[in-house]
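S.K.: Here's a structure for you.
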Amino acid sequence: MPTKRRRVQAEGNEKETDEKKISGIHKENDLVSSKYFQGQRQRHLSDFYNKSCIDLAKSFLGQILVRRLPDGTELRGRIVETESYLGGEDEASHSRGGKRTERNVAMYMKPGTIYVYQIYGMYFCMNVSSQGDGAAVLLRSLEPIEGLDTMRKFRNVKRNLQKPLKDKELCNGPSKLCQAFAIEKNFDRQDLVNDQSTWLEAGPEIPDEDIVCCARIGISNAGEWTRKPLRFYIKDNKFVSVRDKTAETTVQK
């Protein structure tokens with residue numbers, strides 16, 4: 001009887017283990033832990049993205065972008081710089097005036113949807129939709145924290161220079177981070193909540209006194225929107241693409 005009891009108990013444990021493998025997910029508040037996330041790593045769920053564009057852009061700071069490659073390699077980078085594009089009213093947005101096209105449809109999809117567009121015919125930029133029609137947040141810079149050698153390899157494919165890239169040069173710009181994470185047009189319209197190759201993990205919340213608010217980069221011919229403080233970055237972080245020292249002096253003390 002003891003042998004039979006142990007066998008039944010073992011079979012029950014195996015069944016429970018199999019069920020966990022199938023589900024792979026344990027929910028906790030607005031985060032999720034899965035078999036892909038080791039230790040304390042937790043994946044953000046839909047509630048995290050369901051914010052206004054500006055609030056989401058600030059909330060992204062400190063969070064971890066994860067890219068899982070086909071061979072199982074995982075790349076991680078902490079988001080240190082973002083820009084908000086507020087939709088129809090924003091003259092610098094791809095959705096200005098309520099414009100809807102095949103290219104920008106992801107901007108009108110549910111919060112947490114990836115919007116990838118191409119620039120100069122060869123580079124890509126990654127955005128994430130927020131609350132508000134046509135509103136999205138551009139990811140501008142990451143602090144690379146895992147898989148740097150792989151990131152460097154991906155970046156070098158697009159470079160003719162032989163000089164090795166410094167760590168701070170790997171992801172300090174929107175197209176650079178897409179190169180480093182091998183993110184291209186096929187990621188457009190993917191959902192960060194459910195996608196198995198790209199997601200966000202929880203990182204530390206950045207206090208307001210450490211967030212710099214300033215004008216966006218490369219905006220022209222957009223009237224007053226050219227100067228609006230819709231770019232956000234972590235103060236004194238060396239992985240930011242471009243620092244605005246004037247704006248830094250006005251950060252809350």
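S.K.: From D47, D90, D71, grab the single residue that is at pLDDT 95 or above, of a type in the set (D, E), surrounded by fewer than 16 Cβ atoms within 10 Å (Cβ to Cβ) and closer than 21 Å to A106 by Cα.
M.R.: Testing whether each residue is at pLDDT 95 or above, of a type in the set (D, E), surrounded by fewer than 16 Cβ atoms within 10 Å (Cβ to Cβ) and closer than 21 Å to A106 by Cα leaves just D47.
S.K.: Still on this structure, please answer the following. Restricting to the stretch 162-209, what's the tally of residues that are in a loop (DSSP other than H, G, I, E, B), open to solvent by 10 Å² or more (accessible area, probe 1.4 Å) and either touching a residue at least 60 places away in the same chain (Cβ under 8 Å) or of a type outside the set (A, V, I, L, M, F, W, C) (or both)?
M.R.: The number of residues fulfilling the criteria is 21.
S.K.: Also, I was wondering about something else. Taking the stretch 210-223 as the region of interest, how many residues are at pLDDT below 95 and outside any loop (DSSP other than H, G, I, E, B)?
M.R.: Here the count works out to 1.
S.K.: Of all residues in the stretch 216-240, count the ones that are open to solvent by less than 30 Å² (accessible area, probe 1.4 Å) and either basic (K, R) or within 21 Å of the chain's Cα centre (by Cα) (or both).
M.R.: Residues that pass the stated criteria total 9.
The values are calculated or read from the model by the stated rules, or taken from the named source; none is laboratory data. Please read these numbers as outputs of a predicted model, since none were measured by experiment. Note: ideal-geometry Cβ built from the backbone for every residue, glycine included; neighbour counts use all protein chains shown. Keep in mind that these areas ignore ligands, DNA and RNA; they rest on the heavy atoms of the full protein, side chains included. Shrake-Rupley method; radii C 1.70, N 1.55, O 1.52, S 1.80 Å.
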